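**Student:** Got a structure here, written out as structure tokens. Questions coming.
Please treat every number below as a calculation from the coordinates, not as lab data. Treat the numbers as computed from the prediction; the structure is a model and nothing was measured. As a convention, Cβ positions derive from the backbone with ideal geometry for all residues, glycine included, and neighbour counts pool all protein chains shown.
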Amino acid sequence: GENVEQHPSTLSVQEGDSAVIKCTYSDSASNYFPWYKQELGKGPQLIIDIRSNVGEKKDQRIAVTLNKTAKHFSLHITETQPEDSAVYFCAARGSGGSNYKLTFGKGTLLTVNP
Amino acid sequence: SAVISQKPSRDICQRGTSLTIQCQVDSQVTMMFWYRQQPGQSLTLIATANQGSEATYESGFVIDKFPISRPNLTFSTLTVSNMSPEDSSIYLCSVSTSHTGELFFGEGSRLTVL
């Protein structure tokens, strides 16, 4: 089955700096890659996603890039703010028979220091 | 996105008892899932809740321990049976509007077993 590795497990940045979180996946047939933000005491919130026919997608301060050849994708947050502090999860979904299943990375705890 | 309501939001239970978690969605959805998030960990799929039929369980999860119902397109329940402290986790309901659509999560039910 699919395996998703996520790095780093913790990331601390100063307010205004950029943050980058990287994930690799094992199944070359995977075609959908969402990112979730989970604040303390809340459920995961979908913040951005990318499909395999696109190399990059942006939404204001957030961007995701995908390298299908290398089987890795990254989340980029620019001009970080304290409210960006949360746990971020990447995920991947294959295109096989169980094409609705997401496999999640282990998460990155992002801390933005004022 | 769909609005997903889970009850209870948290509970403290005694070893050996069972607890049923309810998930209500404000619109009809194609797919409903139950995830477990152990303390400080990532999200693990327990099962897919199938309308009007038995749920589809992932490896390591069985119906006797986690019975699931889905009587219609907007409602599902997950029961955690004969609980032990190892069952202390966040249980998350999630929904998708299609087999290739985005996955959305409820706020979770935080369960502590003493």
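**Student:** Given +1 on the Cβ of Lys and Arg, -1 on the Cβ of Asp and Glu, and no further charges, what dipole in debye does chain A carry about its Cα centre, rounded to the nearest 20? Could the numbers behind the result be given before it?
**Tutor:** Working: 12 positive and 12 negative charges, 89 e Å.
Approximately 420 debye in magnitude.
**Student:** If you don't mind, there's one more thing I want to ask. Near the amide H of A:Ala86, under 5 Å away, which other amide H atoms are found, from residues 5 or more places off or on another chain, if H is placed in the peptide plane?
**Tutor:** A:Leu110
**Student:** Count, for each residue of A:104-114, the Cβ atoms from other chains sitting within 10 Å of its Cβ, then give me the mean as a whole number.
**Tutor:** Details: counts 7, 2, 4, 5, 0, 1, 0, 0, 0, 0, 0.
Mean shielding by partner chains, rounded to a whole number: 2.
**Student:** Which peptide among B:18-26, A:102-110 comes first, and what is the full order, when sorted by highest mean count of other Cβ atoms within 10 Å?
**Tutor:** Numbers: B:18-26: 17.2, A:102-110: 21.2.
Result, highest mean first: A:102-110, B:18-26.
**Student:** A follow-up question, please. Find how much the distance from B:Ile12 to B:Ser53 grows on full extension, using 0.36 nm per residue of separation minus their present alpha carbon separation; answer in nm with one decimal.
**Tutor:** On the way: separation 41, 0.36 × 41 = 14.76 nm, distance 3.02 nm.
Stretched fully, the B:Ile12-B:Ser53 segment lengthens by 11.7 nm.
**Student:** About its Cα centre, how strong a charge dipole does chain B have in debye, to the nearest 20, once Lys and Arg get +1 and Asp and Glu get -1 at the Cβ?
**Tutor:** Working: 7 positive and 9 negative charges, 41 e Å.
The calculation lands at about 200 debye.
**Student:** If you take the charge dipole of the protein assembly as shown about its Cα centre, with +1 on Lys and Arg Cβ and -1 on Asp and Glu Cβ, which of A:Val54, A:Gly1, A:Val20 is farthest toward its positive end?
**Tutor:** Of A:Val54, A:Gly1, A:Val20, it is A:Gly1.
**Student:** Over the whole of B:34-40, what's the average partner chain Cβ count within 10 Å per residue? Rounded to a whole number, please.
**Tutor:** Values: counts 0, 4, 0, 6, 0, 0, 4.
If you average over the peptide's residues, the count of other-chain Cβ atoms is 2.
**Student:** Within 10 Å, count the other beta carbons around each residue, average over each peptide in B:92-98, B:108-114, and list them highest first.
**Tutor:** Numbers: B:92-98: 21.3, B:108-114: 18.3.
Highest mean packing first, the order is B:92-98, B:108-114.
**Student:** Another one. Between B:Ser88 and residues 5 or more places away or on another chain, which pairs have amide H atoms under 5 Å apart, with H built 1.01 Å from N, and which residues are they?
**Tutor:** Those qualifying (amide H under 5 Å, at least 5 residues apart or on another chain) are B:Val113.
**Student:** Give me the dipole magnitude in Debye, nearest 20, for the protein assembly as shown about the Cα centre, with unit charges on the beta carbon: positive for Lys and Arg, negative for Asp and Glu.
**Tutor:** On the way: 19 positive and 21 negative charges, 57 e Å.
So the dipole magnitude of the protein assembly as shown works out to roughly 280 debye.
**Student:** Please compute, for peptide A:81-91, the average count of beta-carbon atoms on other protein chains lying within 10 Å of each residue's beta-carbon.
**Tutor:** Working: counts 0, 0, 0, 0, 0, 0, 2, 0, 3, 1, 3.
Going residue by residue through A:81-91 and averaging, the value is 1.
**Student:** Any lysines with Cα under 28 Å of the A:Lys71 Cα? List them, leaving off those in the same chain fewer than 8 positions away.
**Tutor:** A:Lys22, A:Lys37, A:Lys57, A:Lys58, A:Lys101, A:Lys106
**Student:** Here's another thing I want to ask about it. Using the reciprocal of the averaged 1/r over all distinct C-alpha pairs, how large is the Kirkwood radius of chain A in Å?
**Tutor:** On the way: mean 1/r = 0.0708 Å⁻¹.
After inverting the pairwise mean of 1/r, the radius is 14.1 Å.
**Student:** Just going by the charge dipole of the protein assembly as shown, with Lys and Arg at +1 and Asp and Glu at -1 on Cβ, which of A:Ser74, B:Gln14, A:Gly43 is farthest out on the positive end?
**Tutor:** B:Gln14
**Student:** Starting from the Kirkwood radius over alpha-carbon pairs of the protein assembly as shown, derive D by Stokes-Einstein at 10 °C in a medium of 1.306 mPa s and give it in µm² s⁻¹.
**Tutor:** Details: Rh = 18.2 Å.
In µm²/s, the coefficient is 87.
**Student:** Could you work out how far the C-alpha centroid of the range B:1-41 sits from that of the range A:47-107, in angstrom?
**Tutor:** Here the answer is 24 Å between Cα centres.
**Student:** In Å³ and rounded to a whole number, note down the convex hull volume per residue for the Cα atoms of chain B. List each step's numbers first, then the result.
**Tutor:** Details: hull volume 10.8 nm³, N = 114.
With only Cα atoms used, chain B gives 95 Å³ per residue.
**Student:** Residues in the range A:12-46, backbone N under 12 Å from the label point at A:Glu5 (7 Å along the Cα-to-beta-carbon vector): list them, ranges by number please.
**Tutor:** Output list for this probe position: A:23-26.
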